[in-house]
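Engineer: First the structure, which I've put down as structure tokens, then a few questions once you've had a look.
The values are calculated or read from the model by the stated rules, or taken from the named source; none is laboratory data. Since the model is a prediction, treat every value here as computed from it, not as a measurement. We place every Cβ from the backbone using ideal geometry, glycine too, and count neighbours over all the protein chains shown.
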Amino acid sequence: MIMSAVGAVLAEKVIAMAMVVYILGVGRRHLPLLKNVAKAAIISAMAGVVTYFVYDTIKVYMLNFGEHYAAEALSTTKLSTLNFVGGSLVLLVSGAVFAPLYLLGANLWGVIEDEEKQSIRNILRRIWPKRVHAPLADPRG
């Protein structure tokens with residue numbers, strides 16, 4: 001019974017997608033437009049594999065460290081709080097591994113456009129404006 005319900009939902013999705021493709025006239029000539037999407041998928045997969053290996057290596061240590069830290073800093077023995085802090089630490093480390101790898105790959109493969117880079121530069125300039133310093137004196141006199 002469940003299989004028939006799942007099959008009906010899948011059939012509905014396939015029919016709806018086929019109708020949308022037909023109405024919009026999407027064809028092979030549109031595949032080059034998906035080039036950056038494919039690049040992003042490959043970069044995400046590669047960064048995800050590296051992140052998984054890091055996660056698999058550190059998960060137990062970081063989870064225990066986070067739980068111990070929460071028990072000491074928050075003076076609690078509540079299991080849900082300890083698990084939350086430990087799990088959050090594991091997630092933070094995993095994100096700290098994935099994000100730079102993805103951004104570096106996206107930048108190297110040209111997925112990030114110049115306008116997006118300029119937007120980030122503008123935001124960073126507002127956060128950390130350049131300080132004007134007087135030139136240093138020449139030590140040679």
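Engineer: Which of the helices (runs of 4 or more DSSP H) contained wholly in the range 34-128 include at least 3 residues that are touching a Phe, Trp or Tyr at 6+ places or on another chain (Cβ under 7 Å) and loosely packed, with under 13 Cβ neighbours inside 10 Å?
Structural biologist: Numbers: elements: 35-73, 79-108, 114-127.
Once the helices (runs of 4 or more DSSP H) in the range 34-128 are filtered for at least 3 residues that are touching a Phe, Trp or Tyr at 6+ places or on another chain (Cβ under 7 Å) and loosely packed, with under 13 Cβ neighbours inside 10 Å, nothing remains.
Engineer: Would you call residue 94 touching a Ser or Thr at 6+ places or on another chain (Cβ under 6 Å), at pLDDT 90 or above and either polar (S, T, N, Q) or under 19 Å from residue 36 (Cβ atoms) (or both)? Working first, answer last.
Structural biologist: Values: touching a Ser or Thr at 6+ places or on another chain (Cβ under 6 Å): yes; at pLDDT 90 or above: yes; either polar (S, T, N, Q) or under 19 Å from residue 36 (Cβ atoms) (or both): yes.
It is true that residue 94 is touching a Ser or Thr at 6+ places or on another chain (Cβ under 6 Å), at pLDDT 90 or above and either polar (S, T, N, Q) or under 19 Å from residue 36 (Cβ atoms) (or both).
Conditions tested, residue by residue: (1) in contact with a helix residue (DSSP H, G or I) (Cβ under 8 Å, 6 or more places away or on another chain); (2) within 21 Å of residue 91 (Cα to Cα).
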residue: 12; (1), (2): no, no
residue: 15; (1), (2): no, no
residue: 25; (1), (2): no, no
residue: 31; (1), (2): no, no
residue: 34; (1), (2): no, no
residue: 40; (1), (2): yes, no
residue: 47; (1), (2): yes, yes
residue: 52; (1), (2): no, yes
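Engineer: Among the listed residues 111, 85, identify the single one that is modelled with pLDDT under 95 and under 16 Å from the mean Cα position of the chain (by Cα). Please lay out each step first, then the result.
Structural biologist: On the way: 85 fails: under 16 Å from the mean Cα position of the chain (by Cα).
After ruling out the rest, the residue left standing is 111.
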